[in-house]
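Derivation of every value follows stated rules applied to the coordinates shown; laboratory data play no part. As the structure is a computational prediction, the values presented were derived from the model and not from experiment. Here the Cβ positions follow ideal geometry from the backbone for every residue, glycine too, while neighbour counts run over all protein chains shown.
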Amino acid sequence: MNGDTDLVRDVAAHAADAISGAELVVCPPFTLLSTAANHLPAGVGLGAQDVSEYDSGAYTGEVSAAMLLEVGCRYVIVGHSERRSLYGEDNARVAAKYSAAKSAGLTPILCVGETLAERDAQRTESVVAEQVDAVFAALGSEAFAGAVIAYEPVWAIGTGRTATPEQAQAVHAYIRQRVAERDAEGAAALPILYGGSVKAENAAELFAQDDIDGGLIGGASLDAEGFLKIHRSAVGG
């Protein structure tokens with residue numbers, strides 16, 4: 001819940017100079033989607049930070065996938081760690097949101113990841129497997145065709161602990177393996193982003209890992225110039 005019109009315009013201005021070769025998507029709060037749609041240059045994708053699992057109806061305050069499409073979105077984040085922890089969104093609800101987004105024609109960005117307690121209990125793989133499997137249960141073996149997964153090591157965000165590139169790579173490799181058990185072809189083509197405090201200073205080393213295909217950028221995206229530096233790291237610039 002950050003950002004304002006000036007930030008969106010600043011990001012849009014910097015995005016005009018973005019290096020081709022790596023896809024750039026901006027996901028502002030709902031209230032800034034129209035502004036972003038009007039200012040982002042061609043070739044920069046627009047996404048939302050959440051979506052309702054309902055197509056329509058009396059669900060005051062909810063925003064449907066159709067509404068997001070109407071304002072120009074092509075992507076939407078589902079299952080962000082803050083939605084899971086602060087609003088109690090469980091795997092079933094996240095899968096329902098994912099299904100609603102994909103069925104409407106949006107590209108869902110599914111966030112998965114473990115907490116500090118789960119990491120210390122050596123439950124990383126089982127937690128991530130449950131999060132991925134819930135989507136397979138909702139949509140079948142090709143659930144991740146044309147979609148994106150983002151790994152958020154919740155245990156390394158604001159805890160004083162740091163995830164190394166090698167630790168991140170290990171989980172990314174496991175995610176790809178888990179998807180490949182149901183859909184080998186889809187797993188090979190699946191973009192898996194890293195969402196653990198990516199900054200301009202660590203982006204290149206992270207993106208050099210075999211199964212890290214990009215970043216889900218949080219706080220660093222609030223600085224337009226720094227955000228674009230991260231983007232350049234994705235293409236070796």
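Before moving on, here are some points about what is shown:
- Think of the range 47-200 as having a plus end and a minus end, set by charges on the Cβ of Lys, Arg, Asp and Glu; of V76, T164, V154, T164 sits farthest toward the positive end of this dipole.
- Inter-part distance where the range 164-234 and the range 25-52 are each reduced to a Cα centre, Å: 21 Å
- Each label was represented as a point 7 Å from its Cα along the Cα-to-Cβ direction; for N38 and D55 these points are 3.1 nm apart.
- With helices as the sole contributors, the chain gives -12500 deg cm²/dmol at 222 nm; each DSSP H run of n ≥ 4 counts as -39500 (n - 2.57), and the sum is divided by every residue.
- Choice from H39, H80, H172 with maximal GNM fluctuation in the chain (Cα, 10 Å cutoff): H39
- FRET efficiency estimate (nearest 0.05) - Cβ-Cβ, D90 to D120, R0 22 angstrom: 0.55
- By the Kirkwood approach, averaging reciprocal distances over each pair of separate Cα atoms, the range 5-235 gets a hydrodynamic radius of 17.9 Å.
- 5 angstrom amide H check on G214, placed H, neighbours 5+ away: Y194
- Total charge dipole magnitude, the range 5-235, about the Cα centre, Cβ charges on Lys, Arg, Asp, Glu only, Debye to nearest 20: 180 debye
- Set of the range 189-222 residues, backbone N closer than 14 Å to the point 7 Å along the Cα-Cβ line of Q177: 211
- At R0 = 35 Å, FRET efficiency that the Cβ-Cβ distance of V235 and S141 yields, to 0.05: 0.65
- Going by neighbour counts of Cβ atoms within 10 Å, the residues Y87, Y174, Y75 line up, fewest first, as Y87, Y174, Y75.
- Straight-line cross-link reach from K229 at under 20 Å between alpha-carbon atoms covers these lysines, not counting any fewer than eight positions away in the same chain: K199.
- With the simple spin-label model, which puts each label point 7 Å out from Cα in the Cβ direction, the A170 to V71 separation comes to 4.0 nm.
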